[in-house]
1. Using amide H atoms built 1.01 Å from N in the peptide plane, name the residues 5+ places from Val81, or on other chains, whose amide H lies under 5 Å from its own.
2. Given charges of +1 on the Cβ of Lys and Arg and -1 on the Cβ of Asp and Glu, with all other atoms neutral, how large is the dipole of segment 70-115 about its Cα centre, in debye to the nearest 20?
3. Are there any helices in the chain, counted as whole DSSP H runs, that stretch 15 Å or more along their axis by Cα and score at least -0.5 on average by Kyte-Doolittle, and if so which?
4. If you plug each phi of segment 61-70 into the Karplus form 6.51 cos²θ - 1.76 cosθ + 1.60 with θ = phi - 60°, what whole-Hz ³J(HN,Hα) values come out, in order, with x for Gly and Pro?
5. Along the charge dipole of the chain, pointing to its positive end and built from +1/-1 on Cβ of Lys, Arg, Asp and Glu, which listed residue (Ala316, Cys294, Asn283) has its Cα farthest out?
6. Charges at C-beta only: +1 for Lys and Arg, -1 for Asp and Glu. How large is the resulting dipole of the chain about its Cα centre, in Debye rounded to 20?
7. In whole Hz and in residue order, list the ³J(HN,Hα) couplings for segment 225-230 that follow from phi through the Karplus curve 6.51 cos²θ - 1.76 cosθ + 1.60, θ = phi - 60°; x for Gly and Pro.
8. So who's got an amide H within less than 5 Å of the one on Ile213, skipping anything under 5 residues away but keeping other chains? H placed 1.01 Å off N, in plane.
Amino acid sequence: MTLLAVENLHTHFISRSLDNEIRVAKALNGVSFALERGRVLGLVGETGAGKSLTALSIMGLLKPPALIVGGAVRFEGRDLVTLPPAELNKLRGDRLALIVQNPRASLDPLSRIGDQLARVHRAHRGADAATAARRAVEMLAAVGLPDPERRARAWPHELSGGMAQRVLIAMALINEPQLVIADEPTTGLDVTVQAQILDLIRATVRERSLGAIIITHDLGVVAHYCDEIAVMYAGSIVEQGETRDVFARPRHPYTINLIDSTPERLAIGSGRVFGGPPPDLFNLPPGCHYRPRCPKASPACVAEPPWAAVDGGHFARCHHPGPA
């Protein structure tokens with residue numbers, strides 16, 4: 001059953017230059033994908049591809065000069081783009097949850113951990129103070145924090161980075177949301193803690209039949225924890241499919257280059273670093289936006305590439321899809 005359907009989403013940054021000319025950065029260009037319940041989607045791509053902006057657009061957390069100029073975000077059948085702000089506020093923190101990548105900047109330094117979790121629960125569920133406090137401790141235990149009663153009384157500065165990240169996950173899950181978006185949820189954490197946090201997210205998705213999107217630069221994370229992968233470049237999804245299929249037979253030249261440039265491939269001498277400047281979102285080239293950096297570019301690539309199935313449920317947006 002489809003939980004989330006992003007349909008032809010366009011998000012632009014609209015500003016004025018020093019000469020008072022309107023400038024438009026086309027940061028998202030027709031992003032479309034669907035997420036089923038019980039599934040984890042990995043959203044990957046280099047910095048500036050539009051991964052975090054996709055999350056903020058879904059959650060309705062854009063700030064000027066960012067603006068959604070087209071498309072729909074259908075969550076449980078309702079279009080979040082056109083939903084009144086008051087209704088969207090009710091969904092965020094309740095049925096929609098976002099886990100950000102900087103836990104220390106996201107926690108209130110002047111409030112104890114348990115109080116912060118309890119406030120989220122009371123705001124959306126109307127629980128009394130005692131019930132919300134118990135729920136906060138339960139969630140701290142659920143995310144694996146030792147001695148949760150003591151941690152609930154702690155201040156944010158008393159927690160390690162891994163503990164703070166677990167608190168954010170507890171806060172995101174405290175109201176049993178249906179969609180969880182985790183934006184680089186393990187940045188800066190050691191490998192052991194990273195694995196524990198990702199195991200927790202994946203287990204929660206399976207047990208509660210939620211949907212989750214994990215945004216990351218780490219293709220290893222996607223390979224181990226995601227059912228599907230969507231590869232973004234210049235604000236568009238250029239390849240999507242089951243994770244095992246995309247890793248086994250990547251079809252878009254950008255995906256091939258991403259996989260070849262992973263540290264693991266480079267370490268054993270089987271990879272290569274691809275160069276070229278990143279795309280200029282104020283002046284994207286016509287047709288395929290990857291054309292200036294693509295080793296397979298041809299005159300045909302001046303035209304808009306098709307979004308076509310290359311193998312069952314495996315899709316690529318390319319005039320020349322094929323194996324490396």
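Each reported figure results from applying straightforward, stated rules to the coordinates on display, with no laboratory input. Model, not experiment: these values are computed from the prediction. Cβ atoms come from the backbone with ideal geometry, glycine included; neighbour counts cover every protein chain shown.
1. Val73
2. 80 debye
3. 129-142, 161-173, 191-208
4. Each residue of segment 61-70 in turn: 10, 6, 10, x, x, 6, 8, 6, 10, x Hz.
5. The residue sitting farthest along the positive end of the dipole is Asn283.
6. Here the chain has a charge dipole of around 300 debye.
7. Each residue of segment 225-230 in turn: 10, 10, 7, 10, 9, 10 Hz.
8. Residues meeting the criterion, in which the H sits 1.01 Å from N, are Leu41, Val180, Ile181, Ala182.
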